[in-house]
Amino acid sequence: MSEEKKNNTGKTKKRKSPFFKYKETIKEKEEQIQELEDKYLRLFAEFENFKKRMRKENQNLISTASEDVMKAILPVLDDFDRAKQLSDDKNSTENFTEGVELVYDKLFSILESKGLLSEKSTGEDFDSEKHEAIAEIPVTEEEQKGKVIDTVEKGYKLKDKIIRYPKVVVGK
C-alpha cells in the first residue's frame, strides 16, 4: 500500500496511499457533521424553550392587559357609587337622575364583562390580606369588634387577582 522513496538525507520515507488520505478526510468531515448536528440540536432546544417562554408571557400579558385600564376607570366608578349612595339616602335633597343611573349600570356591566368584580366588605371580619384598614373606631357591641364597620372605597378584583384592596374602617 505504501511506496518507499528516498529523501535528501538518504533515508527512506514511506508515502501514504491516497486511500489513507481519503479515509482521514472522511473522518474529519464526519466529526464536523457531528459538531454541526450537536449545534443544531442545542439551537433547536433553545428555540423550543424560547417559544414556550413567549407563549407563557403572551398569556400573562393577555390576562393582565386590561388591568391598567381598569385601575384608571375605578375613580369614575367610585364617584358614581358615592352619588348613587347620596340619591338612595331618604334625607338627601339631591336627585340621582335616571340617565346617570343608566350610565353607572352600563359602565359597571362593561367592566364586569371584562372580568372586574367588586368586593363586598362591610360586616365581614377584618382580614389584613383582603382589606386595607384606614381607621379604627370604638364600638359598643362586642360582636362588632374586629369587623369591618364601613367601607370607604370598594375593593376590586380583575378575574382572580385583587387590583385594589377595599379601604375600610374597623371596629375595636
task = Identify all residues within region 125-162 that are among the small types (Gly, Ala, Ser) and part of a strand (DSSP E or B); write none if there are none.
result = ALA133, ALA135, GLY155
ask   = Take the residues of region 134-166 that are surrounded by 15 or more Cβ atoms within 10 Å (Cβ to Cβ) and aliphatic (A, V, I, L, M): which is nearest to LEU111 (Cα to Cα)?
value = LEU158
query = Quick check: anything in region 98-117 over 29 Å from the mean Cα position of the chain (by Cα), surrounded by 11 or more Cβ atoms within 10 Å (Cβ to Cβ) and part of a strand (DSSP E or B)?
reply = no
query = Is there any pair with a first residue in region 6-29 that is of a type in the set (S, T, N, Q) and surrounded by 11 or more Cβ atoms within 10 Å (Cβ to Cβ) and a second that is modelled with pLDDT under 60 and not in a strand (DSSP E or B) whose Cβ atoms are under 7 Å apart and which are 6 or more apart or on different chains, and what are they?
reply = SER17/MET1; SER17/SER2
task = For region 77-97, name all the residues that are within 19 Å of SER109 (Cα to Cα) and either surrounded by 13 or more Cβ atoms within 10 Å (Cβ to Cβ) or modelled with pLDDT under 75 (or both).
result = LEU77, ASP78, PHE80, ASP81, ALA83, LYS84, PHE96, THR97
ask   = Scanning for something among the acidic types (Asp, Glu), surrounded by 14 or more Cβ atoms within 10 Å (Cβ to Cβ) and closer than 17 Å to LEU74 by Cα, does region 120-129 turn up at least one residue?
value = no
query = With (1) of a type outside the set (D, E, K, R); (2) part of a strand (DSSP E or B); (3) within 23 Å of TYR104 (Cα to Cα) as the list, and THR122 as the residue in question, which single condition is left unmet?
reply = (2)
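The values are calculated or read from the model by the stated rules, or taken from the named source; none is laboratory data. Here the structure is a predicted model, which is why all the values come from computation and not from measurement. Counting neighbours? That spans all protein chains shown, and the Cβs are built from the backbone with ideal geometry, glycine included.
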